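Reading through the structure tokens given below for one structure.
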Amino acid sequence: QVRLVESGGGSVQAGRSLRLSCTASGRTFGSDAMAWFRQAPGKEREFVSAIDWSGGTIYYAESVTGRFIIDRDSADNTMTMQINSLKPADTAVYYCARSLSSVPYGDYERYRYWGQGTQMTVSS
């Protein structure tokens, strides 16, 4: 079993920056892809970014490209998301996810393990 714990959410004004973290524990394998998803109130869960085990393959949703930066330390089983130039539209619960595959897919069905989520609220 794998346990994922997110941290770093909070309330922030538009234009500011925030850093989310995800720590994995349990039966983790360094080759698994990881990802961030988010879910805004009344909306479906959407893909934000994904990264392979080495950090050499990274994907971003178009809505966050240029503002969000994903990174991971496979040795420490941690993943981070640096979020810059925050917008009110970024308000959501952000989830960390880990796949059983090494491919950083954008489909949430590909991810087996999920954290409990961390709320980020951006005010204008």
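Take every Cα pair under 8 Å whose residues are at least 6 apart in sequence, average their separation, divide by the length of the chain, and the relative contact order is 36 percent. A DSSP coil position with no more than 14 other Cβ atoms inside 10 Å describes the following chymotrypsin sites (Phe, Trp or Tyr not before Pro) in region 1-69: F29. When only the Cβ of Lys, Arg, Asp and Glu is charged (+1, +1, -1, -1), the dipole of the chain relative to its Cα centre reaches about 240 debye.
The Cβ shell under 15 Å around V93 holds other residues with a net charge of -1, Lys and Arg each +1, Asp and Glu each -1. Using the empirical formula 2.2 N^0.38 Å as the baseline, the Cα radius of gyration of region 1-56 reaches a ratio of 1.34. Taking trypsin sites (Lys or Arg not before Pro) across region 33-89, the ones in a DSSP loop with at most 14 further Cβ atoms lying within 10 angstrom of their Cβ are K43.
Loop-only trypsin sites (Lys or Arg not before Pro) in region 78-120, please: DSSP not H, G, I, E or B, and at most 14 other Cβ atoms within 10 Å. Listed in order of number, the matching sites amount to none. Taking Lys and Arg as +1 and Asp and Glu as -1, the other residues whose beta-carbon sits under 15 Å from that of S123 total +1. Net charge of the neighbourhood of L18, taken over other residues with C-beta under 15 Å away and scored Lys/Arg +1, Asp/Glu -1, is +2.
Remark: region 41-115 carries 53 Å² of accessible area per residue (probe radius 1.4 Å; ligands, DNA and RNA excluded). With all pairs of separate Cα atoms included, the chain yields a Kirkwood hydrodynamic radius of 14.1 Å. Between Q1 and I58, the C-beta separation translates, for a Förster distance of 22 Å, into a calculated FRET efficiency of about 0.25. Apolar share of the accessible surface for the chain: 46 percent from carbon plus sulfur atoms, 1.4 Å probe.
The values are calculated or read from the model by the stated rules, or taken from the named source; none is laboratory data. Owing to the predicted nature of the structure, the values given are computational and were not obtained by experimental measurement. Reconstructed Cβ throughout: ideal geometry from the backbone, glycine too, with neighbour counts over all protein chains shown. In case anyone asks, the SASA skips ligands and DNA or RNA and just uses the protein heavy atoms, side chains included. Shrake-Rupley method; radii C 1.70, N 1.55, O 1.52, S 1.80 Å.
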